Amino acid sequence: MAIATVPAWIAILAGPAVAQSFDDRWSIIPKAHSEPAPPQPDQTKKDEPPARPPIGQEPAPDTTTPSGTRSFNQVFSGKASFYSYTKGKTASGSPFKRDSLTAAHRSLPFGTRVRVTDLASNKSVVVRITDRGPWVRSRVLDLSLGVARILDMTDRGVVQVHAKVL
């Protein structure tokens, strides 16, 4: 009889911890028993200066386009390489055509037109952004084979360029 009552007394004395699951007892995230957070006040502060565009981007004199969105005159320089494969799709979903005048950029919107100038030869071409890349940190653009041929960079592979968003 004593053997049967000992587990019963242990269950009574142990309290609610026995009723908890293993995960509830050993979780590193505490269970909060509080009221929901109050709604956030208006995020704009009156004493803060207005937000400035990121470095390298300055608003154009006419800051709205016909569609009503803001446009920026963005100019950047750096190394550009070219890429060419026979089949596949770009990040924008269009088929990749290696002879077309297209390029890959990490963040510019798809369809953006950019004038790319090779600083060594001073040749330039207007390309359309259709893909994401380059995935080498030191480069700013990946150009299609068609653009590389126009800029005469196929033998060099990587060139220093100046680019301006149109």
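Some values worked out for this structure:
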{"read-out": "Within region 135-166, tally of residues that are under 24 Å from the mean Cα position of the chain (by Cα) and in a loop (DSSP other than H, G, I, E, B)", "value": "5"}
{"read-out": "First in region 123-138 and at positive phi, second anywhere and of a type in the set (Ser, Thr, Tyr) and open to solvent by 10 Å² or more (accessible area, probe 1.4 Å), Cβ under 9 Å, 6 or more apart", "value": "Gly133/Tyr83"}
{"read-out": "Candidate set from region 78-103 (those that are among the aliphatic types (A, V, I, L, M) and out of contact with any Leu (no Cβ under 7 Å at 6 or more places or on another chain)); member that is farthest from Ser144 (Cα to Cα)", "value": "Ala91"}
{"read-out": "Per-region count, region 96-108, residues over 19 Å from Val161 (Cα atoms) and open to solvent by 80 Å² or more (accessible area, probe 1.4 Å)", "value": "3"}
{"read-out": "Check on Arg137, open to solvent by 60 Å² or more (accessible area, probe 1.4 Å), out of contact with any strand residue (DSSP E or B) (no Cβ under 6 Å at 6 or more places or on another chain) and under 14 Å from Phe82 (Cβ atoms)", "value": "no"}
{"read-out": "Enumeration of residues in region 86-109 that are out of contact with any helix residue (DSSP H, G or I) (no Cβ under 7 Å at 6 or more places or on another chain) and in a strand (DSSP E or B)", "value": "Lys89, Pro95, Thr102, Ala104"}
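The values are calculated or read from the model by the stated rules, or taken from the named source; none is laboratory data. The shown structure was predicted, so the numbers you read here are calculated from the model rather than taken from an experiment. All Cβ positions, even for glycine, are placed from backbone atoms using ideal geometry, and neighbour counts span all protein chains on display. The accessibility values were calculated without ligands, DNA or RNA, using every heavy atom of the protein model including side chains. Shrake-Rupley method; radii C 1.70, N 1.55, O 1.52, S 1.80 Å.
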